[in-house]
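What follows is calculated from the coordinates using simple rules that are stated; it is not laboratory data. The shown structure was predicted, so the numbers you read here are calculated from the model rather than taken from an experiment. For neighbour counting, all protein chains shown are included, and Cβ atoms are generated from backbone atoms with ideal geometry for every residue, glycine included.
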Amino acid sequence: MTTFTDEQKRLAGEAAAALVESGMIVGMGTGSTAAWFVRALARRMETERLDVRGVPTSRVTAQLAEVLAIPLLELNQVEIDLTVDGADEIGPGLQLIKGAGAALLREKLVWEASRRCVVIADAGKRSARLGRAPLPIEVAAFGHESTCRRIGDVLSDCEIGIPPRLRIRDGEVVVTDNGNVLYDVTCGAIPDPSMLADALKSVTGVVEHGLFLDLADEGLIAGENGVERLSP
């Protein structure tokens, strides 16, 4: 059954698919909203004979694209014209939290290799202050509990007193496509996202974090009155 939120995600995905032009190389994000974009793009490619190739941000997205007959390339082979991806939270200035789908490292690599990045979401993802959504942190599996303790020190220094929690699903530790583990931090609010981003990257063992700052060029947010375009 399609929910109202699903319908908003579909509208945002279709609006983003309309931005794609023939000949483009397109980064394809991971998650439920990004999946709507991939489906809409495949329909356009079939009906309008668009010549488009995709760079997926996860194995899950690659599998969906293959089912839909979207030709795929590896990141090493190309420069990306446009990347479309969802977000767990969209704060002021298109500051984002991403990573609930466990693909944040590959997503950020694709985003940073793209000429243009568009974030798509339903209206419920917007926030007046970043930090409502849990912040994922991808950590090397080796010694990850030790790394977690040092992450906790960084959080305290950044005025966030919530300890990281190892992501477990169905009783098993979640392992990313890269063989790493994930810790989630329920911040509530992040006083200084840039400061936290820099501090986390300074911790040995932290591979990447889910703060996507100054990366989105445009937002397409679907709400009750249609799709709203946002700029940073």
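Structure summary
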read-out: Where a label projected 7 Å from the Cα of residue 18 along Cα→Cβ would reach, residues of the stretch 29-62 with amide N under 15 Å; value: 37, 40-41, 44
read-out: Relative packing of 179-190, 221-232, which averages over residues the other C-beta atoms within 10 Å, highest first; value: 179-190, 221-232
read-out: Dmax and Rg, reported as Rg then Dmax, of the stretch 115-173 (C-alpha, Å); value: 15.1, 40
read-out: From phi via Karplus (6.51, -1.76, 1.60), per-residue ³J(HN,Hα) for the stretch 22-33 in Hz, x at Gly/Pro; value: 4, x, 6, 9, 10, x, 10, x, 10, x, 5, 6
read-out: Fluctuation leader among 74, 89, 172 - the chain, Gaussian network, Cα springs under 10 angstrom; value: 172
read-out: Fully extended contour minus Cα-Cα distance, from residue 79 to residue 116, at 0.36 nm per residue; value: 12.2 nm
read-out: Mean-position separation - Cα centroids, the stretch 160-192 and the stretch 5-63, in angstrom; value: 28
read-out: Antiparallel bridge percentage (DSSP; both residues within the chain; nearest 5); value: 55
read-out: Over the stretch 135-208, equivalent-ellipsoid semi-axes from the Cα gyration tensor in Å; value: 20, 13, 10
read-out: Principal-axis tilt of helix 4-17 within the chain, Cα atoms, nearest 10 degrees; value: 70
read-out: Pairwise FRET efficiency - residue 201 versus residue 66, Cβ, R0 = 25 Å, nearest 0.05; value: 0.15
read-out: Label selected from (i) 16.7; (ii) 19.0; (iii) 17.9, the criterion being Kirkwood radius over Cα pairs in Å as computed here; value: (iii)
read-out: Distance in nm between pseudo-label sites at residue 178 and residue 231 (7 Å out along the Cβ direction from Cα); value: 3.3
read-out: Net charge, residue 155 excluded, C-beta distance under 15 Å - Lys, Arg +1, Asp, Glu -1; value: -2
read-out: Spin-label model distance (nm) - residue 186 vs residue 109, 7 Å beyond Cα toward Cβ; value: 3.2
